[in-house]
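Following this message is one structure expressed as structure tokens.
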Amino acid sequence: MTENPSESHPPGPIMSRRETLQATAGAVALAALPPLSAAATSAPALDTNPVTLTITVNGRAQALSVDPRQSILDVLRETLNLTGTKKGCNQGACGACTILVDGRRIVSCLTLASMHDGAEIETIEGLEKNGVLHPLQEAFVEHEGLQCGFCTPGQIMSGLGCIAEGHTGSPEEIQFWMSGNICRCGAYPGIVAAVADAAGRT
């Protein structure tokens, strides 16, 4: 009587030769890794020494020494005391911290200040001149483009960028290009009307 091959194996999963080689190679590679503590101690230390930079904020030159981990938003609010730019989500999702850097709108919470030595920065504090509001600020008031006002500085700075970029051909176009700025009060109709109005004045 011949032996049934299936009866010669112990019960349980059967591995192919390929699977056996792959498992062995994986175990060898795992054994070759350094201990976690050794790997952690060999990582390069994060350089947190202050860096110097010169930026121009609202037309005024500022020579600063900043932590390289500081965002432009934190430098504006905590170092220069320009608190008009708001910290909303601090994750680049709400647009409340929008400013203009070299004429382009950015979310300042995600931008390291140390990366913009020599930059020209414009914030909400720089728009009013000699007690006269900027046309876009006036339009926000006239069209009731704000309610609680927390997002308004970011909306206005983004609106300036939207106008400068030429994205004001229709309400739908303005809505699209302003979509990165969130208003929890829902003042969107007034915001779009204000941007369209100001674009027509310039």
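Which value does Rg/Rh take for segment 95-140 over its C-alpha atoms, Rh per Kirkwood? Could you put the intermediate results ahead of the total?
Values: Rg = 12.2 Å, Rh = 11.9 Å.
Radius of gyration relative to Kirkwood radius: 1.03.
Roughly how many Å² is the accessible area per residue of segment 51-202, as a whole number, for a 1.4 Å probe? Intermediate results must be reported in sequence, preceding the final value.
Details: 7650 Å² over 152 residues.
Accessible area per residue: 50 Å².
How far apart, in nm, are two points set 7 Å out from the Cα along the Cα-to-Cβ line at Thr54 and at Asp102?
Modelled inter-label distance: 1.7 nm.
Can you give the Rg and Dmax of segment 128-174 based on its C-alpha atoms, in angstrom?
In Å, with Rg to one decimal and Dmax whole: 11.3, 34.
Over the Cα atoms of segment 155-194, what is the Rg over Rh ratio if Rh follows Kirkwood?
On the way: Rg = 9.1 Å, Rh = 10.0 Å.
Rg/Rh: 0.91.
How much length is gained if the chain between Glu165 and Leu46 is pulled fully straight, taking 0.36 nm per residue apart and subtracting their Cα-Cα distance, in nm to one decimal? Provide the component values of the computation, followed by the final result.
Numbers: separation 119, 0.36 × 119 = 42.84 nm, distance 3.81 nm.
Working it through step by step, the gained length comes to 39.0 nm.
Continuing with the same structure: At a probe radius of 1.4 Å, what is the per-residue accessible area of Cys109, in Å² to the nearest 10?
Accessible area of Cys109: about 20 Å².
Work out, in µm²/s and without decimals, the Stokes-Einstein translational diffusion coefficient of segment 51-97 at 20 °C, 1.002 mPa s, Rh from Kirkwood over C-alpha pairs.
Result for D is 187 µm²/s.
The values are calculated or read from the model by the stated rules, or taken from the named source; none is laboratory data. What you are looking at is a predicted structure, and each value in this text was computed from that prediction instead of being measured. Using ideal geometry, Cβ is built from the backbone for each residue, glycine included, and neighbour counts are taken over all protein chains shown. For the accessible areas, the whole protein counts, side chains as well, though only heavy atoms, and no ligand, DNA or RNA atoms are used. Shrake-Rupley method; radii C 1.70, N 1.55, O 1.52, S 1.80 Å.
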